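Asker: I have a structure here, written as structure tokens, and I will follow up with some questions on it.
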Amino acid sequence: MPPRRLEPGYHDGESDSDVDIFDDFGASAKSKGKGKGKAIDRGKKEKGKGTSKEQPYAWEASYTRSWDTVQEDEAGSLQGAVEDLIARGRRRRLLAPAAAIRRTIIRHLILLLDLSSAMMDRDMRPTRFDLMLQYAREFVTEWFDQNPLGQIGVVGMRAGIGERLGEMTGNPQEVLKAISERHKLEPTGEPSLQNAIDMARSSTSHLPTHSSREILIIFGSLTTCDPGNIHETLAECVKDRIRISVVALAAEMKICRELCDKTGGQFGVALNEGHFKDLLFELIPPPAQRATAPNARGGATAPADLMMMGFPTRLPDTSPPSLCVCHSKLKSEGFLCPRCGAKVCDVPTDCDICGLMIVSSPHLARSYHHLFPVKTYQAVTDLDDTPNPSSSCHGCARPFKNAPQQMAGSSGEGMSPLGRYRCPDCHNDFCPECDVFVHDVVHCCPGCGK
């Protein structure tokens, strides 16, 4: 039997009337809002197109920039990108002053870490807090390598107070231990710049005048909970000649800028993870002494007085255990003060008995490269003026290439097409790798010993 054909106005009594009613209502509502729905859908599509063109999050942009920095050349090699990075380092070194600058090689630094709840933001991967601890450990290691006569103390800011995380010491292992226990440094509450700076200022009040007093603040919050007038604290820091530097992770604050400007420090806002590390590592070299600071004798600059130091005697591990004057613990190894014979655990430090500054001769020698830096090697563009050019590098004895190559940076930017860099004193030629190694690690020319 063929199926029955229904008329348009016919209604079957056995069918589900509710379903038909709601279907008709939905269809009518759909027909009424048809134009509006299209407008909404069109707006959503346009909004989606607009958001795709907007600037991504900071952590997304960092990954985008990472592979844009290194690009292949026509032959598919990364040699050009590597040479460009070396050229940037050479250009930055060429901008440094060639003349000797009076610097303070005995430094005392207080590291202020922001441990407020704002450090848990994820605009820097994985969080601001984790990235700060990672870069702080790298900073401490490199700081002690470049400043072996310096000492570092650590202070935290959280819950409106300042907490002393580590005493000032010249042993990098103790400083790293103080900032490696993450469970003791969980961020909470609001920071207090005034309380933390007062605590840091009290830690440096007993230091002699020939040493530098510095405070480095890693600040990620936009607020500070202070009990009093922070400008009075700033005036005390200027009076005590304490240099304050701030690395901000969120935005620039007026009080942070004033702290740096009035005390002679450096201020910077980190744009991304790489910029954050660059701002920190720019503070590793000792700062130049300020010539306009008045002193008690009425002169414009502080006089260059002689300092009394002592070179200790190192005790081996097989020596009988004895008490140290710094921790009152029985230890076999240690150092004996040359003046009073007291035993200390590490050097450099000040003897707790007689107050003599105890240093080791290698530490003192390594600190001189800031005062007398290695002269910048000159890029050799041609060998016409050289009667007998050397065929190999004076540092590593690797043979030079005969044919000049097309470099990523031109000779005016500090790069040599021949791969030769000549010392202006001893006139020996070095390869690019030895040039960077001499200026960044050795800090002494192998040819002339300067």
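Asker: Please work out whether region 309-363 counts as rounded, prolate or oblate from its C-alpha gyration tensor, where a ≥ b ≥ c are the square roots of the eigenvalues and a/c under 1.5 means rounded, while otherwise a/b larger than b/c means prolate and anything else oblate? Can you show the working numbers first?
Answerer: On the way: a/c = 1.99, a/b = 1.34, b/c = 1.48.
Taking the square roots of the gyration eigenvalues as a ≥ b ≥ c, region 309-363 is oblate.
Asker: Using modelled backbone amide H atoms (1.01 Å from N, in-plane), which distant-in-sequence or interchain residues come within less than 5 Å of Gly189's amide H?
Answerer: So Gly189 has HN proximity to Ser117, Ala159.
Asker: Rounded to a whole number, what % of the accessible area of region 139-220 do carbon and sulfur atoms account for, probe 1.4 Å?
Answerer: That fraction is 49 percent.
Asker: For region 110-155, just run the numbers: alpha carbon Rg, then divide by 2.2 N^0.38 Å, N being how many residues it has.
Answerer: The value comes to 1.31.
Asker: Out of residues 5 or more away from Ile215 or on other chains, whose amide H comes under 5 Å of its own, with H placed 1.01 Å from N in the peptide plane?
Answerer: Distant-sequence amide H within range of Ile215: Ile110, Arg243, Ile244, Ser245.
Asker: For region 102-289, report the accessible area per residue in Å² (1.4 Å probe, heavy atoms, rounded to an integer).
Answerer: Per-residue accessible area for region 102-289 comes out at 40 Å².
Asker: What FRET efficiency do you get for Val325 and Ala235 if R0 is 30 Å and r is their Cβ-Cβ distance, rounded to the nearest 0.05?
Answerer: The pair Val325/Ala235 has a calculated efficiency of 0.25.
Asker: Here is a further query. Sorted by accessible area (1.4 Å probe), largest first, how do Thr349, Thr104 line up?
Answerer: Descending accessible area places them as Thr349, Thr104.
Asker: Quick check: from the Cα gyration tensor, does region 102-289 come out rounded (a/c under 1.5), prolate or oblate?
Answerer: rounded
Asker: So which trypsin sites (Lys or Arg not before Pro) in region 98-185 are both in a DSSP loop and have at most 16 other Cβ atoms within 10 Å of their Cβ?
Answerer: Counting only loop positions with at most 16 other Cβ atoms within 10 Å, the trypsin sites (Lys or Arg not before Pro) in region 98-185 are Arg102, Arg122.
Asker: By average Cβ neighbour count within 10 Å, what is the ranking of 228-239, 368-379 from highest down?
Answerer: 368-379, 228-239
Asker: What net charge do the residues around Glu174 carry, taking every other residue with its C-beta under 11 Å from that of Glu174, with Lys and Arg at +1 and Asp and Glu at -1?
Answerer: -1
Asker: Next question. Taking 0.36 nm per intervening residue step and subtracting the Cα-Cα distance, what contour gain separates Phe437 from Asn402 on full extension?
Answerer: Result for the pair: 10.3 nm of gain on full extension.
Asker: A further question follows. Percent relative contact order of region 309-363, based on C-alpha pairs within less than 8 angstrom and at least six residues apart?
Answerer: About 35 percent, as a whole number.
Asker: Also, I was wondering about something else. Quick one: with all protein chains in place, what share of the accessible area of region 309-363 is carbon or sulfur, to the nearest percent (1.4 Å probe)? Walk me through the intermediate numbers first.
Answerer: Numbers: 1650 of 3060 Å².
C and S atoms contribute 54 percent here.
The values are calculated or read from the model by the stated rules, or taken from the named source; none is laboratory data. Note that the structure is predicted; figures quoted are calculated from it, not measured. Backbone-built Cβ (ideal geometry, glycine too); neighbour counts: all protein chains shown. Side chains included, ligands, DNA and RNA excluded: accessible areas come from the protein's heavy atoms. Shrake-Rupley method; radii C 1.70, N 1.55, O 1.52, S 1.80 Å.
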